[in-house]
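Working notes, structure below.
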Amino acid sequence: MKKKKIAMQLVLQVLLIGASILAIMPFLYMLATALTKDTYTMPNPPILIPKEFYTGNFVSAWTSNSFSRYFVNSLFVSLVTMVLTLAISTASAYGFAKLRFRGKNVIFNVYLFSMMIPAVLALVSQYTVLNGLNLIDTYRGLILLYISGGVAGNTYFLKGFIEQLPNDYEESVMIDGGSRFTVFSRIILPLCRPSIATLAILSFMGTWDEFFAALTIIKTASKRTLPIAIRLFQGQNATQWGLVFAAALIALIPILIIYITFQKYFIKETDDGGVKG
């Protein structure tokens, strides 16, 4: 029985290693092509290790067509959206999960209903509202649009987690003279950090990769975000695959940094458990 269990674990590990290799091969192919000089056609057969490492494609991609400006624009919009979305979502989730007030169920059902509306259909009415507020072609309007699209889902996710937390912590803090804000900041937030880390990754990735709303709201070329810039870059350099892949890899760097940072934090919080003082 023990040998059979060991054999099953070995087979599972081999399958996982094989799946990991298959998953990473497209990334290696992109990297090898980006590090190859004057790549005007797709290498056939595909190369995974270039004969010589040429970094000029990365330099050219970063310095051409205001690519660096668009990169900074997207980084600003994505970070601000992530922070504000998480702040609003955690506060509203705590309110729906632990507080009692009139109309709570009705408001929460409105949240759920808003999640059922496709983003493309809602964009027309959202554009009309932003136009009336003179927020078209501004980062404030774009960030507000992204926040409105992310708060409902994040609130729903966090509400279910907060509802499972025991009330003993809250009651002890309230007996000692603590306020609701103390409960929220000292008890709820530390316990929700793993969930918040997960939502931070999803929120940043969703904003960083978003194309359609940014194309609709932003009109000025200098305010464009990176997905629009990459689409234009691909059109202008359609046959220069080294440049195209270099630009795509540069755009991937912030997502990798966010993912690695919050993944480590998620694992650390899961292992530690409990509430930190």
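Distance between the modelled labels on SER172 and ASN109, one decimal in nanometres: 3.8 nm (7 Å Cα→Cβ projection). When you restrict to C-alpha pairs under 8 Å that are six or more residues apart and normalise by the size of the chain, the relative contact order lands at 31 percent. For the chain, the solvent-accessible area works out to 61 Å² per residue, with a probe of 1.4 Å and every protein chain left in place.
Ordering VAL124, ASN73, GLY149 by the projection of their Cα atoms onto the charge dipole of the stretch 67-165, which places +1 on the Cβ of Lys and Arg and -1 on the Cβ of Asp and Glu, puts GLY149 at the extreme positive end.
Solvent-free Debye calculation, one equal scatterer per alpha-carbon of the stretch 45-99: log10 I(q)/I(0) at 0.16 Å⁻¹ equals -0.71.
Rounded to whole Å, the principal axis extents of the Cα atoms in the stretch 131-234 read 58, 30, 19, largest first.
Sites counted here are trypsin sites (Lys or Arg not before Pro) in a DSSP loop (not H, G, I, E or B) having no more than 12 other Cβ atoms within 10 Å; the longest part of the chain that contains none of them is 103-218. For LYS37, the lysines whose Cα comes closer than 16 Å to its Cα, not counting residues fewer than 8 places off in the same chain, are LYS51.
When the convex hull of its Cα atoms is viewed from all sides, the stretch 95-134 shows a mean projected area of 4.0 nm². In a simple Cβ point-charge model (Lys, Arg +1; Asp, Glu -1; nothing else charged), the chain has a dipole of about 280 debye relative to its Cα centre. Pairs of Cα atoms nearer than 8 Å and 6+ residues apart set the relative contact order; for the stretch 1-156 it is 21 percent. Under the rule a/c < 1.5 gives rounded, and otherwise a/b versus b/c splits prolate from oblate, where does the chain land using the Cα gyration tensor? Oblate, since a/c reaches 1.5 and b/c is not below a/b. In this view, the solvent-accessible surface of ASP137, computed with a 1.4 Å probe and all protein chains in place, comes to about 30 Å². Estimated purely from DSSP H runs of n ≥ 4, each contributing -39500 (n - 2.57), the mean residue ellipticity at 222 nm for the chain is -25000 deg cm²/dmol once divided by its residues.
On the chain, 67 percent of the accessible area sits on carbon and sulfur atoms, based on a 1.4 Å probe. What the Cβ-Cβ distance of TYR259 and GLN164 gives, at R0 = 30 Å and to the nearest 0.05, is a FRET efficiency of 0.70.
The values are calculated or read from the model by the stated rules, or taken from the named source; none is laboratory data. Nothing here was measured: the structure is a model prediction, and the numbers come from that model. All Cβ positions, even for glycine, are placed from backbone atoms using ideal geometry, and neighbour counts span all protein chains on display. The accessibility values were calculated without ligands, DNA or RNA, using every heavy atom of the protein model including side chains. Shrake-Rupley method; radii C 1.70, N 1.55, O 1.52, S 1.80 Å.
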